[in-house]
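So the structure is just underneath, and the comments pick up after that.
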Amino acid sequence: MSEKSKLTGAQVIEAFVKTLPGSPGVYRMLNAAGDVLYVGKAKSLKKRVTAYTQPQKHPIRIQRMIAQTAHMEFALTHTETEALLLEANLIKKLKPRYNILLRDDKSFPYILITGDHDFPQVLKHRGAKTRTGEYFGPFASGAAVNEAIETLHKVFLLRNCSDSVFSARTRPCLQYQIKRCTAPCVAKVTQEAYAKQVDMARQFLSGKSRKIQDVFASEMMAASERMEFETAAAYRDRIKALTHIQSHFVKGLDNADIHALYQHGGMTCIEVFFFRAGQNYGNRAYFPRHEKDEKPEDVLSAFIAQFYASRPVPKEILVNIPVSDKGMLGQALKTHILKPVRGHKKELVDMALKNAADAFARKRAIDASQTELLEGLADRFRLDAPPERVEVYDNSHIGGAHALGAMIVAGPEGFRKNAYRKFNMDDKTKFTPGDDFAMMKAMLTRRFKALANDEAAAVKGASAGVRPDLLLIDGGAGQLTVALQALSDLGVSDIPVVAIAKGTEASGGGRNAGRERFFLPGREPFRLEPNDPVLYFLQRLRDEAHRFAISSHRARRTRTLVSSPLDEISGIGEKRKKALLLHFGSAKAVAEAGVTDLQRVDTISRAVAEKIYNFFHDER
């Protein structure tokens, strides 16, 4: 054992303190395996890190973290504000064990008014903003976006068809008939008139609905005076729709988010409301991970910093409790953080807090229900304890082609989708195509061989993979036998295995829910009572595995259909591949071409032409 490895965590930290500057920065504490335990910021790195050299002055969990520290890393910044931003980004990226973590970090949807077409369309958009156009949002959910888009179609009569459908139409679609579109696809409206529709939609999303309503009212009166009563009625309906929307507008909130924290029993729920242009764009509940002794103001501060690390920041953030580092956080995010004490804003914050409390209660109820179901599994299958990690396995293929295995994971918190795994059964896998038993054996062998390698590496200090507490196999006695054999070959004998088979009365490949039989080693096959909640739970687990296997198989099949042998040639990117296919018409024609013919294609030099020719003609 080296002298360095004999040092305690406090001694390791003390050794780093000697060379640390008194400037701002970010520090990382790592264990012996190289895993990041904690990321922190400091106005003075030397003073902040020095505090860890006296573990007895810290809570037990911090003492535990100090004891596990084997190494530290540092990043200097110009200001403490920069340190705060870097800390938030590193926490999101590294997810350290001892930091407060924002676990649900899904992207938010936006409304996009496209800018790359003469007749723009209104779309729901999620992800990178790469398409030309104007983006409005964020919205809390896809449902909130869909509702807003439906309003835009109803009030401003904008098209919702894709560009390809638009260019192929020869007569108006149903949307025109029900007065949800002006049919620009067949020239029922001029480009100039349609541009005015789009501009009004843009104004509406920017909070100028009153101005638009005045325009509609003027048009309605003019149409009525001309005795064009059908046109006047259409404007009346659009005004009604706008009036309904305006009833949901919030005065005094132009561009703001509300973060309301509710905490009980060491758990926290933070409800976030989005307001843009005076409109409520929806809300979402978050449950950050943290230790029970973390102060609410620290949890909210860490949450806000991570929440906006990769999202647009509103002009104002309203909160229900004081926030740690409020001034520095506001300066870093270039926003104003406010805890209102009276007035309409206080009422909105109170509303958000009530939503947080309700979401917290619902999650506690769901967690309790999930715990009861896992206890039920332990009872029905005679397990020593309720399983913390259940792995469910299924196969998917068509006549043996594009064979794929799938594993899903569930636990006390529900489905753990970030732990799902696919197993591609390529040509190197030695079994007869369509052999479900061989596929199951191959899948389990790969899964538990990798786990064994992880556990062996863990002895040397690396992180080990997570062992399941229960395996559920989609199949009957044959699949159970194969699964047990695969585990036995790898020396695994301490993980319970259960096979779930569809009922004997099932026909036509149906799953015959409610008639499932369960196969366990050393027990006769049995069924659960049709109204048993545990049976419903098992059906959900099996169906989720089946859904994941099918969707993954379809995605793989689609990729295979659009793949080309040219993809396998190094140095042939999308541009060259496109040029070759446009010149020759197909990959087969490229394969049959000579070097001279290949050189006639733009961007293909003689060296590249020879590489392509050799790829198709070398003995392989």
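Points worth noting:
- For the condition among the charged types (D, E, K, R) and not assigned by TED's automatic domain parsing to the domain that holds residue 187, residue 103 qualifies.
- Inclusion of residue 78 among residues that are more than 21 Å from residue 311 (Cβ to Cβ) and modelled with pLDDT under 90 is not warranted.
- Tally of residues being in a helix (DSSP H, G or I) and surrounded by 15 or more Cβ atoms within 10 Å (Cβ to Cβ) across the range 161-194: 6
- Which numbered condition residue 368 misses (of (1) free of Cβ contacts under 8 Å to residues at least 12 places away in the same chain; (2) within 26 Å of the chain's Cα centre (by Cα); (3) assigned to a loop (DSSP other than H, G, I, E, B)): (3)
- The conditions of being in contact with a Ser or Thr (Cβ under 6 Å, 6 or more places away or on another chain) and either part of a helix (DSSP H, G or I) or under 17 Å from residue 113 (Cα atoms) (or both) are met by residue 232.
- Just one of the numbered conditions (1) modelled with pLDDT under 85; (2) touching a strand residue (DSSP E or B) at 6+ places or on another chain (Cβ under 6 Å); (3) not hydroxyl-bearing (Ser, Thr, Tyr) is not true of residue 470: (1).
- Odd one out for residue 304, checked against (1) closer than 22 Å to residue 129 by Cα; (2) buried (at least 19 other Cβ atoms within 10 Å of the Cβ); (3) among the β-branched types (Val, Ile, Thr): (1)
- Residues in the range 371-390 that are part of a loop (DSSP other than H, G, I, E, B), closer than 19 Å to residue 500 by Cα and within 30 Å of the chain's Cα centre (by Cα): 386, 387, 389.
- Selection count where residues are under 33 Å from the mean Cα position of the chain (by Cα) and basic (Lys, Arg), scope the range 181-207: 1
- Residues in the range 502-524 that are modelled with pLDDT of 90 or more and surrounded by 14 or more Cβ atoms within 10 Å (Cβ to Cβ): 517, 518, 519, 520.
- In a residue-by-residue description of the range 40-59, the property of being assigned to a helix (DSSP H, G or I), modelled with pLDDT under 95, under 20 Å from residue 303 (Cα atoms) and among the polar types (S, T, N, Q) applies to no position.
- Subset of the range 60-84 (residues that are in contact (Cβ under 8 Å) with a residue 60 or more places away in the chain, of a type in the set (A, V, I, L, M, F, W, C) and either farther than 17 Å from residue 8 by Cα or part of a helix (DSSP H, G or I) (or both)): 84
- Restricting attention to the range 137-160, the residues that are assigned to a loop (DSSP other than H, G, I, E, B), free of Cβ contacts under 8 Å to residues at least 60 places away in the same chain and either assigned by TED's automatic domain parsing to the domain that holds residue 279 or surrounded by fewer than 18 Cβ atoms within 10 Å (Cβ to Cβ) (or both) add up to 1.
- Residue 337 being within 29 Å of residue 109 (Cβ to Cβ), under 26 Å from the mean Cα position of the chain (by Cα) and among the β-branched types (Val, Ile, Thr): no
- Qualifying residue in the range 282-297 (condition: in a strand (DSSP E or B), in contact with an Asp or Glu (Cβ under 9 Å, 6 or more places away or on another chain), more than 21 Å from residue 151 (Cβ to Cβ) and in contact (Cβ under 8 Å) with a residue 40 or more places away in the chain): yes
- Out of 235, 281, 262, 286, sole residue that is closer than 22 Å to residue 212 by Cβ, among the hydroxyl-bearing types (Ser, Thr, Tyr) and at pLDDT 80 or above: 281
- Restricting the range 359-370 to residues that are touching a Cys at 6+ places or on another chain (Cβ under 9 Å) and of a type outside the set (A, V, I, L, M) leaves a set whose member that is surrounded by the fewest Cβ atoms within 10 Å (Cβ to Cβ) is 363.
- Residue in the range 89-129 that is surrounded by the fewest Cβ atoms within 10 Å (Cβ to Cβ), counting only those that are modelled with pLDDT under 90 and among the small types (Gly, Ala, Ser): 128
- Within the range 312-331, considering residues that are of a type in the set (A, V, I, L, M) and surrounded by fewer than 21 Cβ atoms within 10 Å (Cβ to Cβ), the one nearest to residue 344 (Cα to Cα): 321
- Hits in the range 299-318 (condition: farther than 15 Å from residue 85 by Cβ and either in contact with an Asp or Glu (Cβ under 9 Å, 6 or more places away or on another chain) or not assigned by TED's automatic domain parsing to the domain that holds residue 338 (or both)): 314, 315, 316, 317, 318
- Any hit, the range 39-48, residues being outside the structural domain of residue 299 (by TED's automatic domain parsing), more than 20 Å from residue 101 (Cβ to Cβ) and of a type in the set (Val, Ile, Thr): no
The values are calculated or read from the model by the stated rules, or taken from the named source; none is laboratory data. Only a predicted model underlies this, so the values are computations on that prediction, with no experimental measurement involved. In this analysis, Cβ positions are derived from the backbone assuming ideal geometry, glycine residues included, and neighbour counts consider all displayed protein chains.
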